[in-house]
Amino acid sequence: MRTVRYYISLCLLSVLSFSVYSQGVSIELSAKWVKGQDLFHEDSTIYYPELMITYRNNTDTNYYFQKVSDSHCGLPMLPYGSLLQYPIEEYLNPNYLKRAQMHVDYSNENYKVLIGDDAFFMRGWIVEHDTVDLEVGHEIELVNDDLADIYLYLNRVVYNNPVPIDENWIYFRAAEITPDRIMDTFKDKFVFLKPNEVVVDSYNLIAFSSVKGSFTFLINTNLPDYVYVGDYWDEKRSRYIQQKKPLPKEVGGYYLYTGNFSSNGLSITFGKKRNSDPEKP
């Protein structure tokens, strides 16, 4: 059996200058190692990290809020930058493995991975080159396409889990934002924390290890008091406007937490393992 290993460096970055416990809620990033099968070589074993998002309530009050990241079976969601990258035949009968294998090697590139950015209403991730000015309009980096293709293959073929494509998956409906529906139908999209309680979500980073490169994972450190419930075309501004619905102030004895929270960043560099490295990461 052939074993494929990767050299990966982990570095915690302080996003805020104070302790992660100095605010009522902290959301922290970390990584743990997982041993698994190579996506493209059945006889190969690889080590890859999972990103851990830890939600922590540092108060004596019950709080709830929307998760900073959504997922499919623990797989992050990323946007496509090129909607016409495949011929029509590929859309009608897609070869997900072929798409996943066509990815580029980004070993010499440095990126920021923005998790749950408010502009990305799907609560997904978006990868930006570290040289990009985020305040200026720009095209989506093509690395997002490669990552999305790998996760689509993993989700549809390996996990045999169809991906919903209608707007009901992207948005909530305004009438659905009630305490009962939040506690029942949408409980997996929210975090409910009792005093000093901790909840951990994990996200598979195998696609990032496949394309290689250096990635700094960051969370938008603000929890909104609303969710998106659709969009409409604004004729005057000639663009779609995302509609918002305020969240209930209380849900099942949990109070809505909004505003800033404490967090950190996490940098991971993926590259081929060097001969002098130890047996395991």
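The values are calculated or read from the model by the stated rules, or taken from the named source; none is laboratory data. The model shown is predicted, which means the values in this text are computed figures rather than measured ones. Every residue, glycine among them, receives a Cβ derived from its backbone with ideal geometry; neighbour counts consider all protein chains shown. Remember, those area values only see protein heavy atoms, side chains included, never the ligands or the DNA or RNA. Shrake-Rupley method; radii C 1.70, N 1.55, O 1.52, S 1.80 Å.
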Point to revise | residue 192, sole failed condition from (1) assigned to a helix (DSSP H, G or I); (2) open to solvent by less than 50 Å² (accessible area, probe 1.4 Å); (3) of a type outside the set (A, V, I, L, M); (4) modelled with pLDDT of 95 or more | key: (1)
**Study point:** Members of the stretch 217-270 that are in contact with a helix residue (DSSP H, G or I) (Cβ under 6 Å, 6 or more places away or on another chain) and either among the acidic types (Asp, Glu) or farther than 16 Å from residue 183 by Cα (or both)
**Key:** 229, 245, 270
Point to revise | Single residue of the stretch 259-281 satisfying the filter (open to solvent by 60 Å² or more (accessible area, probe 1.4 Å) and in a strand (DSSP E or B)) that is modelled with the highest pLDDT | key: 260
**Study point:** Candidate set from the stretch 247-258 (those that are open to solvent by less than 90 Å² (accessible area, probe 1.4 Å) and out of contact with any Pro (no Cβ under 9 Å at 6 or more places or on another chain)); member that is farthest from residue 211 (Cα to Cα)
**Key:** 253
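Matching residues to (1) open to solvent by 50 Å² or more (accessible area, probe 1.4 Å); (2) touching a residue at least 12 places away in the same chain (Cβ under 8 Å):
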position: 61; (1), (2): no, yes
position: 65; (1), (2): no, yes
position: 70; (1), (2): no, yes
position: 73; (1), (2): yes, yes
position: 80; (1), (2): yes, yes
position: 87; (1), (2): yes, no
position: 97; (1), (2): yes, yes
position: 102; (1), (2): yes, yes
position: 105; (1), (2): yes, yes
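How many residues, within the stretch 217-235, are modelled with pLDDT of 90 or more and either more than 21 Å from residue 74 (Cβ to Cβ) or open to solvent by 30 Å² or more (accessible area, probe 1.4 Å) (or both)?
Let us first name the residues in the stretch 217-235 that are modelled with pLDDT of 90 or more, namely 217-219, 223-227.
With either more than 21 Å from residue 74 (Cβ to Cβ) or open to solvent by 30 Å² or more (accessible area, probe 1.4 Å) (or both) added as a condition, the list becomes 218, 223-227.
Of the residues in that region, 6 qualify.
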